[in-house]
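Here's the structure, in structure tokens; my notes come after.
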Amino acid sequence: MAEGPAPDCSLCPRLAAYRADNAAAQPDWFNGAVPAFGAMDARLLVVGLAPGVTGANRTGRPFTGDWAGDLLYGALSDHSFAEGIYDKRADDGFRLVGARVTNAVRCVPPQNKPVAAEINTCRPFLTEEITAMPDLKVILCLGRISHDSTLRALGLKPSHHAFGHGSEHIVEAAHRPVTLLSSYHCSRYNTNTGRLTEEMFHTVMARARALADAA
Ligand code: URA
């Protein structure tokens, strides 16, 4: 079992202060360290960057209500990693099947930009998450920060495992081989600029499906 950070985690002073400001302005929002979504026995772990302020930070579920969630949860559904209708709410009844979703940084950062110290401070929770998943076969990292932090979480050097859209590295996680598959982040910025198309994202998700299904 990976417990993750407490909702009121205070390890990163800047993030805790930002959460407190958001809680003062929007007391009905979640405004805490966002827990992972999905069962521990999943074969696929998706690692995003950090909650968006009006999305996961508001709803309390990764990517939920964030623009990036529409593309992520649509692709997970299309590749049979989810059941039900994703309706941008933590209580929408949407269920992940064989997949779990978390973030490299669990608290919303100002301007969507965690600093290096925050990424480092949150990393033990990512290590804990990865090592507590007994059936894990593939980690899908969304963006370079997720890619690099996941490698470091496994004690590996990013300089030896290049990031690219669709890049794959076989790595050791809790003494088992796991494929670290990476994608450009499915953010609004990347899709608006054409760096990532829906088709490109679906191709990566199809690869995650194949890797998760491989014996
Ligand atoms: N919302 C998340 O929870 N994570 C991201 O990486 C982006 C949006």
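Just so you know, all these numbers are worked out from the coordinates, no wet-lab data involved. Remember, it's a predicted structure, so these values are computed and weren't measured experimentally. Cβ: placed from backbone, ideal geometry, glycine included. Neighbour counts: every protein chain shown.
Odds and ends about this structure:
- Just so you know, in region 61-70 the residues that are free of Cβ contacts under 8 Å to residues at least 60 places away in the same chain and under 13 Å from the mean Cα position of the chain (by Cα) include one that is surrounded by the fewest Cβ atoms within 10 Å (Cβ to Cβ), and it is Gly69.
- Residue identified as surrounded by 13 or more Cβ atoms within 10 Å (Cβ to Cβ) and either aromatic (Phe, Trp, Tyr) or within 14 Å of the ligand (Cβ to nearest atom) (or both) among Ser183, Ser167: Ser183
- Residue among Ser146, Ser80 that alone is polar (S, T, N, Q) and surrounded by fewer than 21 Cβ atoms within 10 Å (Cβ to Cβ): Ser80
- All conditions but one from (1) part of a strand (DSSP E or B); (2) under 22 Å from Ser80 (Cα atoms); (3) more than 18 Å from the chain's Cα centre (by Cα) apply to Ile170; the one that does not is (2).
- Residue satisfying all of: in region 115-143; surrounded by fewer than 18 Cβ atoms within 10 Å (Cβ to Cβ) and of a type in the set (Asp, Glu); farthest from His202 (Cα to Cα) among these: Glu128
- Selection count, region 31-50, where residues are out of contact with any Ser or Thr (no Cβ under 9 Å at 6 or more places or on another chain) and within 11 Å of the ligand (Cβ to nearest atom): 1
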